[in-house]
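Remarks on the structure that follows.
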Amino acid sequence: MMARQVIYGPDDGDDGSYEGGYDRDQEGRATGRRYSVTEEDILLRPTRMAEMVGQREVYERILIAIEAAKKRGEPLGHILFDGPPGLGKTTFATCIPRELGTTFQIANGATLKAPKDIIPYLTNAEEGSVLFIDEIHRMQKSVEEFIYPAMEDFRIDYTYGDGANARTLNIPLKHFTLIGATTRTGLLSAPMRDRFQMREHLDFYTPDELATIVLNNAVKLQMPIDGTAAKEIAFRSRGTPRLANNRLRWVRDYADARANGKVSPQVALAAMEMQGIDALGLDPFDRRFLETICRVFNGGPVGVEAVAHTMNIAPDTLVDEVEPFLLRSELLIRTPRGRKVTAKGFEHLGIDPSQFDFPQTLF
Ligand code: ADP
């Protein structure tokens, strides 16, 4: 049975689709606009678990939990997904209810400013249904505390009115499953984290996994592509399916405009070069971040706020969207005194570290 998707909330749109996160403008500033969801986005997002590639350990654990819940006829326990943007948190959260054959609702933590904002979601949740809260770390503390009893005992206590007129309303809820997604588990309070029965971390995908995603999606887009070209795209996607899809679509545009729609490895490379995507998959904005640390702060260590200030961009964008892959690729390290570009980072940028007056032993 296909799940019925019920969406509430001003930010989520009503087109039956959803993408988490914000657009970046050319300079990499978060534009504060939701990713506009195109039909192609919907086409490329797996709708069933079986279509999902990679994250095998997480995938297996989720499948077991789903099977057990179905066998016992009980709702699935609450699940928290964390990891950098574009790795599949929303995809998992939307595939799970489909596997369960249940309804689901989507909310965003940033729009949950007071308990009253979450009440409609909770009272509308059907037995065994899924409530997905993206960016759950952005939820106000008052909302967080308000949902503890909802998560634990499936009831809410709502107080309204003031002083002597204050009344508390106890509202019983259906047994629902909360799925939370966050780019930063560190920002969630321990009591909140502990209320999730499963906590799953999503890591970057391997180039082989991304190549499989690229090949699968090329079929969906009816785009002939050879395996080597798919690998070139996979290698330059920073371990992230969302970026692999973006690159694939750009390569298709480029091939249509410049190469009669034929995607050879050379065409794929030329397309990505035109966007300034380098051999490690970094885009101009990623490089500007590293270059700012090198040129303005002598390679670091420097606090991320100072770099963000210099670049005129929100520190959160750097921490959530830019840094994780640079750290993972060992181009950047975090020290107690701040961020520091590694020898590998300098080499990648083609900057000679010896031009700065700090000891070489640091590298
Ligand atoms: P997140 O919620 O972590 O930011 P999403 O779930 O929105 O990431 O993933 C972004 C896009 O990447 C999806 O729309 C989908 O097309 C693709 N994607 C993510 N995970 C997978 C996967 N495991 N297999 C195939 N495609 C995936």
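The values are calculated or read from the model by the stated rules, or taken from the named source; none is laboratory data. Computed from a predicted model, the values in this text were never measured in an experiment. So basically every Cβ, Gly included, is an ideal-geometry build from the backbone, and we count neighbours across all protein chains shown.
The figures follow:
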read-out: Test: residue in region 140-153 that is in a strand (DSSP E or B) and either farther than 22 Å from Pro84 by Cα or among the small types (Gly, Ala, Ser) (or both); value: no
read-out: Flag for Arg61 being away from the ligand (no atom under 13 Å from the Cβ), part of a helix (DSSP H, G or I), more than 21 Å from His175 (Cα to Cα) and not hydroxyl-bearing (Ser, Thr, Tyr); value: yes
read-out: Filtered residues of region 67-93 (kept if surrounded by 17 or more Cβ atoms within 10 Å (Cβ to Cβ) and more than 16 Å from the ligand (Cβ to nearest atom)); value: Ala69, Pro75, Leu76, His78
read-out: Matching residues in region 281-299 - criterion: being among the aromatic types (Phe, Trp, Tyr) and more than 30 Å from Ala211 (Cβ to Cβ); value: Phe297
read-out: Candidates Thr185, Thr240 - the one that is within 16 Å of the ligand (Cβ to nearest atom), closer than 17 Å to Lys89 by Cβ and either modelled with pLDDT under 95 or over 21 Å from the mean Cα position of the chain (by Cα) (or both); value: Thr185
read-out: Matching residues, region 200-254, being closer than 26 Å to Thr182 by Cβ, in contact with a strand residue (DSSP E or B) (Cβ under 9 Å, 6 or more places away or on another chain) and surrounded by fewer than 18 Cβ atoms within 10 Å (Cβ to Cβ); value: His201
read-out: Where a residue in region 306-332 is under 19 Å from Ala343 (Cα atoms) and its partner, wherever it lies, is in a helix (DSSP H, G or I) and among the basic types (Lys, Arg), with Cβ under 8 Å and at least six apart; value: Ser329/Lys344; Glu330/Lys344; Leu331/Lys344
read-out: Residue tally, condition surrounded by fewer than 17 Cβ atoms within 10 Å (Cβ to Cβ), of a type outside the set (D, E, K, R) and assigned to a loop (DSSP other than H, G, I, E, B), over region 271-287; value: 4
read-out: Qualifying residue in region 160-168 (condition: among the aliphatic types (A, V, I, L, M), touching a residue at least 24 places away in the same chain (Cβ under 8 Å) and not in a helix (DSSP H, G or I)); value: no
read-out: Selection count where residues are closer than 21 Å to Glu347 by Cα and among the small types (Gly, Ala, Ser), scope region 261-285; value: 3
read-out: Residues of region 98-110 satisfying the condition of being under 19 Å from Thr182 (Cβ atoms) and crowded, with 20+ Cβ neighbours inside 10 Å; value: Phe104, Gln105, Ile106, Ala107, Asn108, Gly109
read-out: Residues located in region 35-58, provided they are surrounded by fewer than 15 Cβ atoms within 10 Å (Cβ to Cβ), over 20 Å from Phe104 (Cβ atoms) and among the β-branched types (Val, Ile, Thr); value: Thr38
read-out: Residue within region 97-109 that is out of contact with any Ser or Thr (no Cβ under 7 Å at 6 or more places or on another chain), in a helix (DSSP H, G or I), closer than 28 Å to Thr317 by Cα and away from the ligand (no atom under 16 Å from the Cβ) present; value: no
read-out: Candidate set from region 288-339 (those that are within 24 Å of Gly276 (Cα to Cα) and acidic (Asp, Glu)); member that is surrounded by the fewest Cβ atoms within 10 Å (Cβ to Cβ); value: Glu330
